[in-house]
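The values are calculated or read from the model by the stated rules, or taken from the named source; none is laboratory data. If you're wondering where the values come from, they're calculated on a predicted model, not measured in any experiment. In this analysis, Cβ positions are derived from the backbone assuming ideal geometry, glycine residues included, and neighbour counts consider all displayed protein chains. For the accessible areas, the whole protein counts, side chains as well, though only heavy atoms, and no ligand, DNA or RNA atoms are used. Shrake-Rupley method; radii C 1.70, N 1.55, O 1.52, S 1.80 Å.
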Amino acid sequence: MPISIGSRVVLRYKLPPGYSHPMTDVIGTLESADPITVRGNDGRVVTVSADQVIALKVLAARPIRVGDIRNLEIAAAAGSPGTEQARIDGWLLRIGHSPHDMDSALPLGEPGGSASRTPETLAAIRSWFADRGRPTTLMLPDRLGIAPPTWISGGEGIIFAADLDNVAPTPPQFTTTIDDAHAGDSLTRVATGTIGSADTMILASARVAVSDAPDGRRWAGLLDLAVADAHRRHGIGTLICTDLLGWSRIQGATHAYLAVPEDNAAAVATARSLGFVEHHRYRYATAPVGA
């Protein structure tokens, strides 16, 4: 695809000596070709000389289909399976998964069809959660499910996604300490990453889960990112995410996703600064009390 002024691009360029990592990326609009000047999504303008450029690629928009949403959600569910699961009429029910997400029922659908919303199905879902002492919450991705009448909607979030070729080079060495001893099933790999140490201070931590979608894509999901208050806005969050995505490439991942609450402006900005773009949205629906 030809690169022209005004194109949306990803620019990977070398950093001067003394930085913690040798290169970085900026996603934005190409404003000049000589010198290379890109206005990032956050408004920051980056100008580099030709000898600093490692790669410059156009990012083409691609329409998101219902099948794309379902495939990503299936991969994400494999990456965060929880401690117990069940399937009821096209719904995947999970409890006990990580604190970034709540116990929920997800409408992945039956092969060739959608998840049932009959009163009998909803009653069975509610009974399953009640038997485990949990409230019933539906997680409803765009175009896969809508809240039943009288149920209470809220808690909207955004699923960001990216092609790893655009956001995550595999570094020659990792700044992040990566522990991949935590493996899921034979098709899922889960790793934790930390910057710093327990003997001094943990500056940042995160997890990544690498799992497969039915369409053959292998997704890396960034989970549970945390940066110490005193070290925020210094690029440490970006560094740990980039390292974990680089590790994911070694595991065969081709794409990545990140779930962010819509009202978390800092997390949304971090996702965009990493080169992620909005894939789809989701919201929660809770059963009315006493119904």
Charge dipole (the chain, unit charges on Cβ, about Cα centre) - positive-most of 149, 197, 236: 149
The chain: relative contact order from alpha carbon pairs under 8 Å, six or more residues apart, as a whole percent, is 19
Can you tell me the length gained on complete extension of the stretch residue 87 to residue 3, counting 0.36 nm per residue apart and subtracting the Cα distance? 25.5 nm
Loop only per DSSP, at most 15 neighbouring Cβ atoms within 10 Å: give me the trypsin sites (Lys or Arg not before Pro) in the stretch 219-291, ordered by residue number. 232, 233
Can you figure out the FRET efficiency of residue 44 with residue 173, using R₀ = 30 Å and their beta-carbon distance, to the nearest 0.05? 0.65
Charged-residue dipole, Cβ positions (Lys, Arg, Asp, Glu), the chain about Cα centre, Debye nearest 20: 360
Can you send over the carbon and sulfur percentage of the accessible area for the chain, probe radius 1.4 Å, protein chains only? 55
Can you tell me the orientation of helix 236-250 relative to the chain, as the angle in degrees between its alpha-carbon axis and the longest Cα principal axis, to the nearest 10? 80
Taking N as the number of residues in the chain, what is its Cα Rg relative to 2.2 N^0.38 Å? 1.08
Average accessible surface area per residue within the chain, 1.4 Å rolling probe, Å²: 49
Report, to the nearest 10°, how far helix 66-79 tilts away from the longest principal axis of the Cα atoms in the chain, using its own Cα long axis and a range of 0 to 90°. 90
Given +1 on the Cβ of Lys and Arg, -1 on the Cβ of Asp and Glu, and no further charges, what dipole in debye does the stretch 194-279 carry about its Cα centre, rounded to the nearest 20? 240
As I understand it, the value is the acute angle between the Cα axis of helix 119-131 and the longest principal axis of the Cα atoms of the chain; what does it come to in degrees, rounded to 10? 80
Can you list which of the trypsin sites (Lys or Arg not before Pro) found in the stretch 63-156 are DSSP loop residues with at most 10 other C-beta atoms within 10 Å? 65
